[in-house]
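Please treat every number below as a calculation from the coordinates, not as lab data. Given the structure is predicted, the values throughout are model-derived calculations rather than measurements. Ideal geometry is used to build each Cβ from the backbone, glycine not excepted, and the neighbour counts take in all protein chains shown.
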Amino acid sequence: MVESPEFERVLIKLSGEALMGNQSFGITPEMIQYVAAEIAKVYQLKVQISVVVGGGNIFRGVAGSSAGMDRTSADNMGMLATVINSLALCDALEKKGVPTRVQSAIPMDRIAEPFIRRKAIRHLEKGRVVIFAAGTGNPYFTTDTAAVLRANETRAQILFKATKVDGVYDKDPVVHQDAVKYDELSYMQVIEKQLHVMDMTAISLAMEQGLPLQVFDLHQADNIYKAVTGQGKIGTRIYNK
């Protein structure tokens with residue numbers, strides 16, 4: 001039985017680290033295929049899907065800056081890393097029969113379309129998955145902020161952050177065995193409790209625009225599908241209460 005989707009248009013934020021699998025660097029073929037398969041399941045529901053992928057599996061701008069590199073140069077390298085991941089995901093989705101387009105915030109016409117808001121929305125309306133690459137195109141902004149920005153620009157109904165943890169906890173569950181997982185939170189609670197969900201720019205923008213956010217474990221099969229169809233309490237839902 002095919003479930004009915006709770007949302008018509010969603011944006012999925014993937015961390016670059018999620019593509020590493022068991023490696024310490026780069027893209028694991030098995031993992032990119034797994035992610036593509038998970039997105040393809042949701043695509044079969046006729047849900048309009050856009051994706052933002054981080055670049056931390058290849059290069060992280062903040063890490064380069066902390067090692068003494070100029071922050072602007074480091075962030076530019078990080079944005080280029082997201083393009084590599086976006087092209088890899090695009091290829092994996094196309095091989096599964098999912099029509100996909102990559103739009104880059106940094107012009108590179110030979111390998112990706114430039115980001116044009118109206119064109120991105122038109123792609124979504126025509127049933128194509130749109131992958132937004134190169135962050136916001138500006139240094140000093142994370143891909144979390146880029147995800148919130150693109151979700152608002154394309155009028156996504158919710159932002160799914162598919163990551164390595166199964167939700168938001170009051171403290172690090174790896175270090176603290178008594179850590180408590182939240183099923184729901186308000187954006188103000190995230191700010192007041194200083195919970196590390198996204199950077200504060202992303203959280204503030206999502207709160208201001210009333211964009212719901214759901215954080216869950218990407219590595220648990222069917223979690224994206226369950227989140228889109230509203231099955232059970234997957235991860236943590238954050239919104240303006």
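Table for the structure above
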{"read-out": "Only one of Asp172, Asp144 that is out of contact with any helix residue (DSSP H, G or I) (no Cβ under 7 Å at 6 or more places or on another chain) and farther than 23 Å from Glu3 by Cα", "value": "Asp172"}
{"read-out": "Residues of segment 97-112 that turn out to be without any contact (Cβ under 8 Å) to a residue 40 or more places away in the chain and under 19 Å from the mean Cα position of the chain (by Cα), as a count", "value": "8"}
{"read-out": "Among (1) of a type in the set (D, E, K, R); (2) without any contact (Cβ under 8 Å) to a residue 40 or more places away in the chain; (3) out of contact with any Asp or Glu (no Cβ under 8 Å at 6 or more places or on another chain), the one test that Lys193 misses", "value": "(3)"}
{"read-out": "Boolean, Val190 is in a helix (DSSP H, G or I), hydrophobic (A, V, I, L, M, F, W, C), under 20 Å from the mean Cα position of the chain (by Cα) and crowded, with 21+ Cβ neighbours inside 10 Å", "value": "yes"}
{"read-out": "Candidates Asp91, Asp70, filtered to the one that is closer than 18 Å to Gly26 by Cα, of a type in the set (Asp, Glu) and surrounded by fewer than 24 Cβ atoms within 10 Å (Cβ to Cβ)", "value": "Asp91"}
{"read-out": "Residue among Val130, Val148, Val197 that alone is in contact with a Ser or Thr (Cβ under 9 Å, 6 or more places away or on another chain), of a type outside the set (S, T, N, Q) and assigned to a strand (DSSP E or B)", "value": "Val130"}
